[in-house]
1. In this structure, is A:L16 within 13 Å of another protein chain (Cβ to nearest Cβ) and surrounded by fewer than 19 Cβ atoms within 10 Å (Cβ to Cβ)?
2. Might you check whether a residue that is touching a residue at least 24 places away in the same chain (Cβ under 8 Å), surrounded by fewer than 18 Cβ atoms within 10 Å (Cβ to Cβ), within 12 Å of chain B (Cβ to nearest Cβ) and of a type in the set (A, V, I, L, M, F, W, C) occurs anywhere in region A:56-66?
3. Collect the residues in region B:128-139 that are within 14 Å of chain A (Cβ to nearest Cβ) and farther than 19 Å from B:L93 by Cα, keeping them in residue-number order.
4. Which of the following residues is among the hydroxyl-bearing types (S, T, Y) and within 12 Å of B:P159 (Cα to Cα): B:T62, B:T77, B:T42, B:T71?
5. Tell me, please, whether a residue that is outside any loop (DSSP other than H, G, I, E, B), of a type in the set (S, T, Y), touching a residue at least 12 places away in the same chain (Cβ under 8 Å) and closer than 26 Å to B:T366 by Cα can be found in region B:478-491.
6. Just checking, does region B:345-361 include any residue being within 25 Å of the chain's Cα centre (by Cα) and not in a strand (DSSP E or B)?
7. Go through region B:48-86 and give me each residue that's over 14 Å from the mean Cα position of the chain (by Cα), of a type in the set (S, T, Y) and within 20 Å of B:M417 (Cα to Cα).
8. Within region B:140-161, does at least one residue satisfy the condition of being within 11 Å of chain A (Cβ to nearest Cβ), hydroxyl-bearing (S, T, Y) and surrounded by fewer than 16 Cβ atoms within 10 Å (Cβ to Cβ)?
Amino acid sequence: MKRIYNVLVKNQSGVLCKVSGLFWRRCFNIDSLAVGETEDNAISNMTIVSTGDDHTQEQIEKQLNKKIDVIKVKTFDEKEAVCRELMLIKVKYTRDNRRDIIDNCAVISCVFHFDQHQFAADRFFFVKSLDLDYVNLFIQLFFNLLLGMVVPRAHNRHIGNGVVFRFAYRQGINVEAASPEQPGYFTENTGLVFY
Amino acid sequence: MNGADAIVKCLELENVEYVFGYPGVAICPFYNSILNAANIKTVLVRHEQHAGHAASGYARLTGKVGVVAVTSGPGATNVITGIATAYADSIPLVVITGQVDSRLMGSDVFQEADISGACESFVKYSYIVRNAEDIPRIVKEAFYIASTGRKGPVLIDFPIDIQNQKVNKFEYPDSVSMPSYKPTVKGNTKQIDKVVRELKKAKRPLICTGGGAHLSGAANVIRAFAEKHRIPVVSTMMGLGTMPTEHPMFFGMVGNNGQAYGNRAMNQADMILMAGARVADRSIARPDEISMNKILVHIDVDPAEIGKNAGPTIPLVGDLKNVFTELDKEDIRPATQEWLDCLAGYRKEAEEAKKAKADLVITPGTVDPTHFIHALSDAMDKNAVYVADVGQNQLWSCANCIIREGRFFTTGGMGCMGYSVPAAMGAKLAEPDRQVVAVCGDGAFQMCMMELGTMRQYNVPVKIAVIRNNVLGLVRQYQHFTYKDRFSVIDLTGSPELEAIAAAYGMKFLYLNDEAKMDETIKAFLENDESVLLQCDVDPNEVA
């Protein structure tokens, strides 16, 4: 069962290590983690998504509260949170497969309203913030269109309650073309592209 | 005034009496400044780990914060076991480690270790001092964090350039302002009412005390509560001493190394007040099942402990002293006479079985360790401090040591071999007029025997009884049962002659290998306030 932990912490060096170390030491899993400064620069906000049974979830909350650098912990069910995933997809092509790749990607771009950026002659980038369900749909489509393999995922959530937190978010999917017959595939986490 | 002067000044203001440690270049400014502190005595241990243990012994007896100061790199990494032991046993320590120049931190220079990173799992909190002006606040907070809530070690990593940095304004704060750290001391009134309601109805209530009973200074309160309301008490290993061993309402230690009658009491109780105990694996074999047929009230100052190992019926966060004082205000007095008689019957059965064992033949040239510990603790001063090490000696001690008005120390949480001698040394320094006896095996003794030098240097007359069987007894016992006598790496052949060791450190030496001479040897062991090393030979086949 997934649970989202919105953790306000002191904005000082070593705090991320202390919090993530807690998860490691007590064998709690982190599905995703996003950290960023809040409007008060003495305080940072961490959004941690973890999976576990009721006992684990209770322990995560209690152990987080026990940390002296942790100011406040709020927990949410997935349904209680607004969840968005920012996808960043790098697509590489060669002279031979350029046409196929661009055609395929144009379909995706059109359906999903991706922003498209071209910084180099042999690749371009898609950027899109999506609801998680759409991300899943996108991956399904991409799998069919581009014979996709494995997609690295990380979720990012904006939590409600009238407070907007800023996030630094890094995620990428690397798509490379293989041959004109096999226009592209997802490589297995080959280098994240930083946004 | 520089940073080192400032930190020493802070220690003086915190009324620190002893600093246990080992200097090195990176902590030299601190050790230079401490020469000016008239009221702080320094103790040079022979290994940094033992500085942690000695401070632990000191802290446990005084209730104050133990202070350790060691150098960077290996000095700091050596002290980790001492810190981890204090963390597992919830002992308040402030550990100051020297660090390389802050501008060189992270560049892997000589004797640099990321000690705050390395200790993250073992400290309640850690600081790296980045600016000497922050020292008063940091030290004030460190002592506050270490000694409040669930107690534990706090690390202050102190780069050498910050120790030498000039402090323009020194102002020691009167109070601490930490919005993110506010331990709950007072028990929730509604929860207390619930406990009272259930206690009144209970037919077989039981209090199980853990180390928290001593840490919160609640032992006397719990004892008075149990006596007034006629509720029997058992203890975990860390809680031993909450009730005198011979108290009619005390029914021994629980757990897989505890007394059978204590465990029977736990099984048959219809309501258990788990007080300052973690419900850990050694005390409660199946923590998840403990509340199946009973009402489990878990009282602890650390909310994270409640529900961690066993789901309580009534959780109650608060300091034990406070909670039991509140409970005591109510007229509870459940009808427990039948239950007490039943438990007394179990205890009597067990004592008779023990007497039957006493008639068994003892291997010539050895003594029965249970007889020895019983006789030794019986002959000790009423308020003596008994420090047990780890291993078979610890289990024999827990089961047979008679505690009256004294204290029983052991590391029940971390189980760190070599704890007894340095911890006993710390306790003796804390209260020089009190009799302090360390009991250890020959394995553990060899992990800490270098501290005989410290004892001699500072004239700390601790009495040390080494239960010798030339093997790592508890591991041997485990291999005997689990691996059917396939013994592996437990032989201590090559150990030194203890008589020669005693002579080398100018200590009196006694040897016991005959039950007939037990009483006179123990008398000679305890008679004067001097350091004595007693070798007590036991059969390696003895099981605990």
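The values are calculated or read from the model by the stated rules, or taken from the named source; none is laboratory data. Note that the structure is predicted; figures quoted are calculated from it, not measured. Ideal geometry is used to build each Cβ from the backbone, glycine not excepted, and the neighbour counts take in all protein chains shown.
1. yes
2. no
3. Passing the criteria: B:R130, B:N131, B:D134.
4. None of the other options fit; the residue is B:T71.
5. no
6. No, region B:345-361 has no match at all.
7. Result: B:T77, single match.
8. no
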